[in-house]
Amino acid sequence: MHHKPLQQHILRLITGTLLVLALAIMLAVWLSTYAHVQDQVQRDLNVGREVLQQLLNTREQQLLNSAEVLTADFGFKQAVATMDSATMESALQNHGARIKADLMAIVSLQGLIVASTTDTQQENSRFAHQDMLTSALEQGGMTGFIQVAQELYQVIVLPVRAPIPVGLAVIGFRLNADLAQELKKVTTLDVSFVAERKDSDGVQISTLVADQLTLALAQQQDTWHWRLPFTRKAHYVTQAMPLSESQRITVYLTTSIDDAFANFDVLQLEIAFITLVAALLALVGGILFARKLTRPMQMLATMADDIANGHYRRDVQVTRNIIEVGQLMAAFNRMQEDISEREARIIYQAHHDPLTGLINRQHAITLLDDALRLQRTMALRVIVLNVLDFRTVNDTFGHLVGDACLRKISERLQSLEGEFLLAARLVGDEFLLVASAADLSPEQLQAHLQHTFAVQEVEVTLPFAFGVASYPGDANNASALIQKASIALDVARREKLGIAFYERKVEELHLKRLTLLADLKQALHANDGQLRMYYQPKVCARTLSAQRFEALIRWIHPEHGFVPPDMFIPLAEQAGLINGLTDWIVETVILQIAQWQHQHFSAQVAVNLSAQDLSRHHLLDHINDLLLRHRVDNAAVSFEITESELMREPKQAIALLNRFRDQGFKLAIDDFGTGYSSLSQLKNMPVTELKIDRSFVMQLDQAQDDQIIVRSTIDLAHSFDLEIVAEGVENPAALALLQKWGVDWIQGYYFSRPLPANDVLPWVHNFTQQQRELAQK
């Protein structure tokens with residue numbers, strides 16, 4: 001293959017590029033000019049149409065005002081009623097002269113002209129447009145456009161009432177050449193009034209001569225054609241504006257494309273000439289530049305290849321008298337240095353956590369896998385540690401202190417010593433430490449981290465949980481080791497063990513939890529009857545009537561059978577399903593209440609809310625929509641929140657609960673006495689009810705301490721005007737004590753276990769009957 005010099009290629013490229021560029025510029029200018037002219041012509045036509053419409057509207061209003069004045073004149077109405085021709089003609093002449101009307105006529109109810117100011121409307125002749133007369137009588141007046149002989153008029157027809165119609169007044173303005181010329185001066189458009197008649201000659205009134213008008217009317221449908229500059233053929237754009245379809249009267253607005261393009265034709269020639277001269281000058285400059293560019297281009301290509309291959313440390317010097325080439329070479333040298341440094345920073349950032357400086361999860365897996373390949377005989381411990389309830393640190397001291405604590409933790413991890421040590425931050429408040437089993441035990445690590453952390457003059461004590469996996473006993477690759485240590489960590493957090501070691505049965509339990517979680521998600525989505533609502537009665541301690549219930553969810557798994565709520569509800573909270581679960585519970589309960597109402601049974605049902613529910617601002621709106629949709633009153637639903645969950649975010653929770661109270665819902669603190677709420681917080685809580693935890697009630701008749709706690713809680717609730725519910729009542733002795741101390745509501749197995757919805761009404765009936773029989777005895 002024959003190779004040609006670079007200079008020749010550059011010249012060919014420049015020549016070809018310039019030719020294409022010149023053609024592109026010409027085409028772009030032509031297309032832009034064409035589009036601009038088209039847009040301008042359309043705007044002119046639209047403006048002309050609006051001006052014409054406004055003028056016609058003005059004339060119509062003038063006709064209407066004049067006609068109303070004429071027909072309201074008592075003398076004129078008397079003349080029409082008596083058919084006084086002289087008076088009518090005098091009135092028409094005078095009134096027509098005042099408003100400069102071109103047509104004034106009186107038509108009888110039989111459609112005959114009885115008086116007129118024009119020769120074309122002879123007395124006792126039949127008015128040519130009977131349809132307008134009929135419409136005027138039916139509608140109280142009529143405006144329009146008509147042809148009279150060889151003239152066009154804009155007219156109004158009004159009945160003359162004395163007080164019933166005795167005739168019709170016809171007043172009109174002529175559509176003539178003077179009006180067309182006046183419109184042309186205002187709009188710069190040619191105006192043509194055209195009337196087409198089948199039975200007689202039509203009328204054409206235009207500012208165009210006959211040949212131009214014929215050509216303009218022929219081009220009104222297919223107007224825009226590609227037009228070459230300096231063409232001699234006339235081109236028009238015509239827009240039709242119907243004035244009267246029944247009379248086939250139309251006004252046409254016409255403009256000449258040739259006039260619009262006249263200035264642009266010259267401009268296109270000037271641009272073509274300028275483009276050609278510029279192209280020639282650029283070509284000459286390209287030839288001169290190509291001669292000096294060959295060697296620097298070769299060196300730049302070589303330098304680019306070196307950079308592409310990762311060689312960043314080579315300085316290139318070009319001994320040429322072109323300043324820009326020298327600057328370009330210097331820029332290339334700086335670029336290779338910057339790329340080298342940036343690549344190193346990117347690699348570091350990709351491998352390290354920006355906050356603590358520790359390596360991240362992915363890089364830790366890579367390094368650990370490499371270490372396992374090189375040190376197969378060394379026993380290692382993989383420890384995943386988590387700062388428990390770290391969110392409290394952020395909420396209490398702020399995120400700056402929280403971030404500082406994470407940095408302090410990373411410093412302590414890196415201060416450990418051993419034959420092999422690898423520390424990483426996995427995510428959030430979770431860290432990874434890999435060390436030789438002989439150098440470090442989990443207990444030593446726990447002791448190393450248990451000391452307080454001094455952060456910004458604050459002493460912070462952080463609790464930790466540790467999950468431990470061993471190599472080679474538990475797994476032989478990094479990903480599996482970290483996964484198994486994370487499983488152990490989950491056990492340590494859930495069971496509050498501090499340190500947990502991986503066991504196979506633990507992983508099986510973990511996998512079972514994951515399977516249950518997937519099944520729960522499917523059951524919630526399918527709504528196939530696995531999830532069911534049960535209702536436990538709350539019996540009034542004074543009247544022993546069952547008017548309230550607590551809604552309790554149950555899950556009957558198709559394979560595992562009954563799954564306890566304390567197993568799947570925490571799973572739902574961890575996996576983010578609790579909001580959907582709460583929505584399902586609320587809707588199911590409201591539907592059940594509505595069904596009971598149709599069965600003439602009214603009850604109040606309490607629904608439990610979780611901590612995550614209290615952070616949902618739109619929860620209340622969703623509940624109100626369901627109540628409205630199913631026609632259930634707010635008083636039929638109440639809500640219970642456990643004391644411990646209420647204390648997680650007390651301000652946010654209280655704000656949401658205040659909204660619930662404003663809507664009329666009753667609220668209860670569940671499991672009262674097991675959390676950490678103070679009396680001052682209780683005073684500010686918008687609750688109506690306290691529920692004493694079952695742990696204080698189940699042995700109430702035997703435990704003196706429980707009696708003191710329960711009695712004081714009842715007194716405390718009543719002092720705050722709160723109702724008190726005791727749950728976990730299982731024997732008559734506990735019931736008697738609670739009734740004696742003034743408890744308001746009783747809930748427990750003594751009365752009933754949680755019931756399926758279908759069993760509630762039969763139970764209420766039997767329970768009520770039993771209480772009546774006992775009362776009679």
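The values are calculated or read from the model by the stated rules, or taken from the named source; none is laboratory data. Quick caveat: nothing in here was measured; it's all calculated off a predicted structure. Neighbour counts run over all protein chains shown; Cβ positions are idealised from the backbone, glycine included. For accessibility, only protein heavy atoms count, side chains too; no ligands or nucleic acids. Shrake-Rupley method; radii C 1.70, N 1.55, O 1.52, S 1.80 Å.
Helix 565-575 and the long axis of the chain differ in direction by around 50°, with both axes built from C-alpha atoms. Calculated on the Cα set of region 486-575, radius of gyration then Dmax: 17.6, 56 Å. Could you tell me what percent of the DSSP beta bridges with both partners in the chain are antiparallel, to the nearest 5? Taking every DSSP beta bridge within the chain, about 75 percent pair in antiparallel fashion. Could you bin all the Cα-Cα distances of the chain into 20 Å bins starting at 0 and give me the percent of pairs in each, rounded to whole numbers? All Cα pairs, binned at 20 Å, distribute as 11, 20, 15, 20, 24, 9, 0 percent. Largest to smallest in accessible area, the residues HIS95, HIS363 fall in the order HIS363, HIS95 (1.4 Å probe, all protein chains included). Dipole of the chain computed with +1 at Lys/Arg Cβ and -1 at Asp/Glu Cβ about the Cα centre; of VAL764, PRO732, SER66, farthest Cα towards the positive end is SER66. Solvent-accessible area of the chain (1.4 angstrom probe, protein heavy atoms only): carbon and sulfur portion equals 53 percent. Normalised by the number of residues in the chain, the mean separation of alpha-carbon contacts (under 8 Å, six or more apart) gives a relative contact order of 6 percent. For the listed residue pairs LYS496/LYS651; LYS683/LYS740; LYS666/LYS691; LYS408/LYS496; LYS100/LYS184; LYS484/LYS505, the alpha carbons are over 19 angstrom apart in LYS496/LYS651; LYS683/LYS740; LYS408/LYS496; LYS100/LYS184.
The angle separating the long axis of helix 85-99 from the principal Cα axis of greatest extent in the chain is about 60 degrees.
When the Cα positions of ILE346, ILE359, LEU413 are compared along the charge dipole of region 338-416, LEU413 comes out farthest toward the positive end, with charges on each C-beta of Lys, Arg, Asp and Glu. Averaging 1/r across all pairs of distinct Cα atoms in region 329-400 and inverting the result yields a Kirkwood radius of 16.2 Å.
Simple rule: put +1 on each Lys or Arg Cβ and -1 on each Asp or Glu Cβ in the chain, find the dipole, and look at ALA523, ASN94, PHE751; the Cα lying farthest toward the positive end is ALA523. If I fit a long axis through the Cα atoms of helix 650-662 and take the longest principal axis of the Cα atoms of the chain, what angle between them do I get, 0 to 90°, rounded to 10? For helix 650-662, the angle is close to 60 degrees.
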